[in-house]
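Notes to accompany the following structure.
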């Protein structure tokens, strides 16, 4: 659809406008991008993103800089342009509402929050902050900003990367939902929810973290090995419901085998969230010992 034009602001760019344009381009792949602050050109554009001081999805206007902004989510994170565009087109791109919601929570909300100067995490170490997607995009500006043509080329490079990332995250979210449905069936059939045994590596955190009884997961790992992993208490954080035994921390091979009596035990992470054995039987035996510890 080469007759469609997408207007966004020129000059410096952020993850918000990059991902907003990337999303619209996935819906209208032949559209022309115009980076401008000329009000007449913005009015003439088919779609305006992060510019124009107007939010009206019926007219494809997706800005959030107007007085009062463009609304809040139920969790109070305000919408930025990426969120407004995703609200309009996300379900169509993702294939269903559940996938779109996962993308909104995982990718869109953090970018919207940052663009609206809203913190989603508390800093712990002075002078250290999370490296953001915007930081990644800024790294492509390798020379002093000289003109719009240079910034346009960098912006479009960032948009291409954002499109690729969005498509990958959509596929990951689709797999996550399929895994979640399978995991719920496994939970229903499990006689002991403290230990969940999987026949393949799956995305299990979203399902098992909220289950109070779920302590460990045994699953096949790359390289014909088997792992036992401790389940965290919360999505945000690393506290474990039941860490692996303290005496296992950092032990490998013969040291771990001698300590546990499991001949094919290979490794236990020093943070006690993961242990690995050569066989399924070995991993199950480690799990039984950990449960009894």
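Annotations
- Of the beta bridges in the chain, as assigned by DSSP with both residues counted there, near 60 percent are antiparallel.
- Among 34, 228, the ranking by other beta carbons within 10 Å of each residue's beta carbon, starting with the fewest, stands as 34, 228.
- For the chain, built as a Gaussian network whose Cα springs stay under 10 Å, the top-fluctuating residue of 67, 141, 209: 67
- Diagonalising the gyration tensor over the Cα atoms of the chain and scaling each eigenvalue by 5 before taking the square root yields semi-axes of 47, 20, 17 Å, largest first.
- The range 191-292: projected area of the alpha-carbon convex hull, averaged over directions, in nm²: 6.1 nm²
- Residue order, fewest to most beta carbons within 10 Å, for 125, 82, 152: 125, 152, 82
- Distance between the C-alpha centres of the range 249-292 and the range 45-93: 51 Å, rounded to the whole angstrom.
- Cα-based helix-to-principal-axis angle, 15-27 vs the chain, degrees rounded to 10: 80 degrees
- Rotationally averaged projected area of the range 49-136 (alpha carbon convex hull; nm²): 6.9 nm²
- Over the chain, DSSP H runs of length four or greater, each weighted -39,500 (n - 2.57), average out per residue to a 222 nm ellipticity of -12500 deg cm²/dmol.
- One equal scatterer on each Cα of the range 249-293, no solvent, Debye formula: the resulting log10 I(q)/I(0) at q = 0.21, 0.24 Å⁻¹ is -0.57, -0.76.
- Between 0 and 90°, nearest 10: helix 280-292 axis offset from the chain longest Cα axis: 80 degrees
- Kirkwood Rh in Å, taken over all unlike Cα pairs in the range 5-173: 16.3 Å
- Rounded tilt (10° steps) of 148-189 against the dominant C-alpha axis of the chain: 40 degrees
- Expressed per residue, the C-alpha convex hull volume of the range 75-120 stands at 60 Å³.
- Cβ-to-Cβ counts within 10 Å put 242, 251, 271 in ascending order as 271, 242, 251, the fewest first.
A short reminder: the numbers here are calculations on the coordinates, not readings from a lab. These numbers come from a predicted model, not from an experiment. Reconstructed Cβ throughout: ideal geometry from the backbone, glycine too, with neighbour counts over all protein chains shown.
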